[in-house]
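This report refers to the structure that appears directly beneath it.
The values are calculated or read from the model by the stated rules, or taken from the named source; none is laboratory data. Just so you know, these numbers come straight off a predicted model, no measurement behind them. We place every Cβ from the backbone using ideal geometry, glycine too, and count neighbours over all the protein chains shown.
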Amino acid sequence: MLLSTLYNRSYLFALFLFAIFLFIGISTYQDYGISWDETSQREIGLTSYRYIFEGDHTLDNYIERDHGVGFELPLIMIERALRLSDSREIYLMRHIVSHIFFLFGCLCAFFLAQRRFQRIWISCLAFLMLAMHPRLYAHSFFNSKDIPLLVMFMVSLLLWDMVLERKKTSWVLMLGVAVGYTMSIRLLGIVLVAGISFFLLLNAIQARFQKSTTKSTSPLHWLGILFIFLLTSSLSLYAFFPTLWAHPFHSIVACFESLSHFRWESNVWFQGVWILSFQLPASYLPVWIGITTPVLWLLLGCIGIGMVIVSAIFYPYQSWLNLDQQQTLLWLFCTLAPIVAVIVQHSVVYDDWRHVYFIYPSFIMLACLAIHRLSKKKLAPIIATYLCLQIGFLARHIISLHPFEQVYFNRLVSHDNEYLRYHYELEYWGTSCFQGLEYLIAHAPQREIKIAWGKDPLNNNVNMLQKQDRDRIQFVDEKDADYYVTFFRDHPEDYHYSNIFYEIKREGSTILRIYALH
């Protein structure tokens, strides 16, 4: 069993890293505000919870019924089990639970790297490459859809490695449940179904033309694994996704159609130009990934991609039919296929590349593959030096950005004064509204603080204030307001107000500003 490996001394490093990051998370999770989508995500979970446990059929006609609730439902169950009623307590609970789940994904990255490369320093690096990506780190607290999906991709890749090694039904069942649960978070988990099914079918075809005396490598055995995997993942998806319960086939088709061309039609701020969300250039995702991923991780991941592609072309037998190499091909597929699909289908994506954060686990595995191979060419001291420098730089950068690590940009893009604000979506989810409201509570002389604002994040973050402070905040028309608050979403330019009462700057750009109107 995998758990038995925890007794191996090497895995103490993983537990040590987990403990450090858990301590940091527990110490800082109260610093993060409520993101734009958090209240709607919770409502999605509540609607399904009431459908299951209270007989409320609002879900039948709910506009967001195509959104998976695989992670939202457990959060609601925890909320109910702990009998949380105050909004601040509810969202703090959501933040720490989401972050711990993210750290579990980092553990899985360590385990998979250790299994594949058998080098403890590369395994530790896999953990850190995931845990210390600044944007993902911040999102791990307040993004309860994209980060859980990422985690389950990591879990599924680990279980797939176990299936390839042991070929036992128990591991296939666990893989099927994991992949089904992944799809119940977001249906994009279908990427795993496609990739895994392809290689299981390929192995069955290969076994058909090879004489083998072992049952575990026969065509029927591989086909049996494929059948169990598809059945288990389908049943798990059905079990974890209440939208499918009444009319499973019709509902699943409708969900896929809806999400492949999502109903969000608006402008996206990209490279200093407003672009319609359904007319984004093919460069949108590659550019965002390129300028928001730590440069060394980006370089190593691209090298790993190149290595796997070259092997697949020039050494096809070893790459496509060798079980060890099939793992790296699945990593390649999970990294590139979603990006290609978005570009080809002109799918709606926005808010940097968060819709495809789930490609990052396979990307860092490819980066670890590159490190593993390059370090065998007497480059280990040089690589280790640059890796240590990158980790040290990231640690300093994360500390300086806290608690707004989500606005991280690497040095491939300018950090000149206000350049990022004028060219890219920056603090698009508005978590900084929490800090802005806290500042007003502490420094505004008025007992009743009248604010001109109508967007959800500011309204939401009132619920993160202490109970005694919430009543001080009032939202009024601009003519009656004392303050105007903005995080520059949909309006990256400066406003015409002249009196700046408070502002927060990161990466050389202002991410939140409060104007005093009188």
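Quick notes
- Every condition in (1) more than 23 Å from I359 (Cβ to Cβ); (2) part of a helix (DSSP H, G or I); (3) in contact (Cβ under 8 Å) with a residue 24 or more places away in the chain holds for L237 except the one numbered (1).
- When the test is whether a residue is out of contact with any strand residue (DSSP E or B) (no Cβ under 9 Å at 6 or more places or on another chain) and over 30 Å from Q390 (Cα atoms), I100 does not pass it.
- When region 33-84 is filtered for residues that are among the acidic types (D, E), assigned to a helix (DSSP H, G or I) and under 28 Å from F404 (Cβ atoms), the ones remaining, listed by number, are E38, E43, E72, E79.
- Near pairs, Cβ below 6 angstrom, 6+ apart or cross-chain, from region 177-191 (assigned to a helix (DSSP H, G or I)) to any residue that is of a type in the set (S, T, N, Q) and buried (at least 22 other Cβ atoms within 10 Å of the Cβ): A178/S156; V179/S156; V179/S233; G180/S233; T182/S156; G189/T182
- Restricting attention to region 488-518, the residues being in contact (Cβ under 8 Å) with a residue 40 or more places away in the chain, under 26 Å from S266 (Cβ atoms) and surrounded by 14 or more Cβ atoms within 10 Å (Cβ to Cβ) number 11.
- Candidates in region 86-136 are the residues that are without any contact (Cβ under 8 Å) to a residue 40 or more places away in the chain and in a helix (DSSP H, G or I); of these, the one that is nearest to the chain's Cα centre (by Cα) is V97.
- Residue within region 342-351 that is modelled with pLDDT of 95 or more, in a helix (DSSP H, G or I) and among the aliphatic types (A, V, I, L, M) present: no
- S156 being buried (at least 18 other Cβ atoms within 10 Å of the Cβ) and part of a loop (DSSP other than H, G, I, E, B): no
- Residue pairs whose Cβ atoms lie under 7 Å apart, sitting 6 or more positions apart in sequence or on different chains, and linking a residue in region 293-320 that is in a helix (DSSP H, G or I) to a partner that is of a type in the set (V, I, T), are W297/I364; L300/I371; G301/I364; I305/T335; V308/T328.
- Any chance V253 is under 18 Å from E64 (Cβ atoms), assigned to a helix (DSSP H, G or I) and either at pLDDT 95 or above or out of contact with any Phe, Trp or Tyr (no Cβ under 6 Å at 6 or more places or on another chain) (or both): yes
- Residues in region 398-420 that are touching a strand residue (DSSP E or B) at 6+ places or on another chain (Cβ under 9 Å) and among the hydrophobic types (A, V, I, L, M, F, W, C): L401, F404, V407, F409, V413, L420.
- Count of region 274-292 residues, restricted to those that are among the aliphatic types (A, V, I, L, M), part of a strand (DSSP E or B) and either touching a residue at least 40 places away in the same chain (Cβ under 8 Å) or surrounded by fewer than 13 Cβ atoms within 10 Å (Cβ to Cβ) (or both), is 1.
- Test: F240 is more than 17 Å from L187 (Cβ to Cβ) and surrounded by 14 or more Cβ atoms within 10 Å (Cβ to Cβ): no
- The residues in region 411-456 that are within 20 Å of H397 (Cα to Cα) and touching a Pro at 6+ places or on another chain (Cβ under 6 Å) can be counted, and the count is 1.
- Residue check for L458: in contact (Cβ under 8 Å) with a residue 12 or more places away in the chain, of a type in the set (A, V, I, L, M, F, W, C) and closer than 19 Å to I514 by Cα: yes
- Residues that are under 14 Å from H67 (Cβ atoms) and either among the aromatic types (F, W, Y) or assigned to a helix (DSSP H, G or I) (or both) do occur in region 264-273, at least one of them.
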